[in-house]
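K.L.:
The structure that follows is given in the form of structure tokens.
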Amino acid sequence: MSSPRRIDVHHHLVPPDYAQMLRDKGIQPGGIPLPSWAAPVASKIMRKNGVETAILSVSTPGVWFGDVPEARLWARRVNEHAAGIVAAQPRHFGFFATLTLPDVDGAIAEATHALDVLGADGIVLLANNAGLYLGDPTFDRLLGFLHERRAVVFIHPGELPGGPADGIPSFTADFLLDTTRTAISLILSGALEQYDGIRFVLAHAGGFVPYIAHRILLTTLREEPKWKLAGMALNRKAEVARRMQMFKRFWFDIALSATPTTFPSLLAVADPAKVLFGSDFPFAPAMAVKYMRQEYESIDLSKAVRQGIDRGNAEVLFPRLAAQI
């Protein structure tokens, strides 16, 4: 059987100096110990799971710790580290550049450098930044810039503004809510429509978005001047289908979400041509990556849909990978 040559859009880089900085600050992303990452180990895991290329990104907490100069220093440092790995193995790695939000000026400057000088494949943004979700007007200038650049923006969750519940690691459910909140923020603020040049990728199958899509749809009606009339129009199936198109603007990765229980909701809401493979390695250890990959392979999908998820859909976002033999 030939390799599916998967493109993994959800694969985390953990630069050694960045890892030491987090340890010095006592930070455990998602409530779990910080894993290590090395290219040889990552490549081995990739081969075992049919992945040819991994798009690297720094996970939560990113580089913002309340200080602008510190954030700008670490953003440049982690991006240059990632660019070096890609330069050495461009067939097997790409990267999403880390920015400095909520420092918008620094974020635009770093995005410009990363895209134009370092050759980043896109940008990674945390779902909330200092408690502000991406539809907040604070971020309009950055979204406008990324819209003009037609950038791929990978949205990764972080810690909820309210903090985790005792005894429940935040990666278990809080991360999914964080992604869901920012997706709703982009919809209700009008940013999803206004900045339609951005290709937004939602991590973990969009959190709860597919499962609560119709609740979100009803919420959007409250934003309309004639919301009662809009609600009455939902009696027509064609009107429901028209309004549900807003969810097809998003791209979705399947990291830690590639299961027979998740896929029916995901494919009922998402455009199948905008579903992408993801592993969440190394925050998802090798055992979890294998388990989720096997679950994904057990799902009854058409050949075209599976080939799209494995590689074809990502080639649309990353044309340089489509050119590889």
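The values are calculated or read from the model by the stated rules, or taken from the named source; none is laboratory data. A quick note: this is a predicted structure, and the numbers were derived from the prediction, not measured. Reconstructed Cβ throughout: ideal geometry from the backbone, glycine too, with neighbour counts over all protein chains shown.
K.L.:
Condition first: surrounded by 16 or more Cβ atoms within 10 Å (Cβ to Cβ) and farther than 26 Å from residue 309 by Cβ. Can you find one or more residues in the range 47-58 that meet it? Before you say what the answer is, go through the steps one by one.
P.N.:
Filtering the range 47-58 for residues surrounded by 16 or more Cβ atoms within 10 Å (Cβ to Cβ) gives 49-58.
Now narrow it down to the ones that are farther than 26 Å from residue 309 by Cβ: none.
No.
K.L.:
Which residue, of 85, 123, is at pLDDT 95 or above, of a type in the set (Val, Ile, Thr) and within 21 Å of residue 199 (Cβ to Cβ)?
P.N.:
Numbers: 85 fails: within 21 Å of residue 199 (Cβ to Cβ).
So the residue among 85, 123 that is at pLDDT 95 or above, of a type in the set (Val, Ile, Thr) and within 21 Å of residue 199 (Cβ to Cβ) is 123.
K.L.:
What is the one condition in (1) part of a helix (DSSP H, G or I); (2) within 16 Å of residue 54 (Cβ to Cβ); (3) under 17 Å from the mean Cα position of the chain (by Cα) that residue 284 does not satisfy?
P.N.:
Unmet for residue 284, out of (1) part of a helix (DSSP H, G or I); (2) within 16 Å of residue 54 (Cβ to Cβ); (3) under 17 Å from the mean Cα position of the chain (by Cα): (1).
K.L.:
Cβ-Cβ under 7 Å, sequence separation 6+ or interchain: first residue in the range 124-152 and on the phi < 0 side of the Ramachandran plot, partner among the charged types (D, E, K, R) and buried (at least 24 other Cβ atoms within 10 Å of the Cβ). Which pairs?
P.N.:
127/178; 128/178; 152/121
Yes or no, residue by residue, for (1) of a type in the set (Lys, Arg); (2) at pLDDT 95 or above; (3) assigned to a strand (DSSP E or B); (4) out of contact with any Gly (no Cβ under 9 Å at 6 or more places or on another chain):
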| residue | (1), (2), (3), (4) |
| --- | --- |
| 158 | no, no, no, no |
| 165 | no, no, no, yes |
| 183 | no, yes, no, no |
| 192 | no, yes, no, no |
| 214 | no, no, no, yes |
| 217 | no, no, no, yes |
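K.L.:
Count, please, the residues in the range 84-132 that happen to be surrounded by fewer than 20 Cβ atoms within 10 Å (Cβ to Cβ), part of a loop (DSSP other than H, G, I, E, B) and of a type in the set (D, E, K, R).
P.N.:
Looking only at that region, the number is 1.
K.L.:
Among the listed residues 323, 284, 273, identify the single one that is among the hydrophobic types (A, V, I, L, M, F, W, C) and closer than 30 Å to residue 28 by Cβ.
P.N.:
On the way: 323 fails: closer than 30 Å to residue 28 by Cβ; 273 fails: closer than 30 Å to residue 28 by Cβ.
Matching residue, one of 323, 284, 273: 284.
K.L.:
Within the set of pairs 6 or more residues apart or between chains, which connect a residue that is of a type in the set (Ser, Thr, Tyr) inside the range 4-23 to a residue that is surrounded by 15 or more Cβ atoms within 10 Å (Cβ to Cβ) with Cβ atoms less than 9 Å apart?
P.N.:
Matching pairs, first to second residue: 18/58; 18/63; 18/74; 18/77; 18/78; 18/81.
K.L.:
Test residue 258 against the stated conditions and say whether it is farther than 25 Å from residue 190 by Cβ, among the aliphatic types (A, V, I, L, M) and over 17 Å from the mean Cα position of the chain (by Cα). Explain how you work it out, then say what you get.
P.N.:
On the way: farther than 25 Å from residue 190 by Cβ: yes; among the aliphatic types (A, V, I, L, M): yes; over 17 Å from the mean Cα position of the chain (by Cα): no.
So residue 258 does not fit the description; no.
K.L.:
If you scan the range 1-49, which residues turn out to be among the hydroxyl-bearing types (Ser, Thr, Tyr) and modelled with pLDDT of 95 or more?
P.N.:
Filtering the range 1-49 down to residues among the hydroxyl-bearing types (Ser, Thr, Tyr) leaves 2-3, 18, 36, 43.
Within the range 1-49, 18, 43 meet the criteria.
K.L.:
Ok, one more. Can you tell me which residue is surrounded by the fewest Cβ atoms within 10 Å (Cβ to Cβ) among those in the range 133-156 that are farther than 21 Å from residue 81 by Cα and of a type in the set (Phe, Trp, Tyr)?
P.N.:
Restricting attention to the range 133-156, the residues satisfying the condition of being farther than 21 Å from residue 81 by Cα are 133-150.
Filter again for of a type in the set (Phe, Trp, Tyr), leaving 133, 139, 145.
Values: 133: 22, 139: 24, 145: 19.
The extreme case among them is 145.
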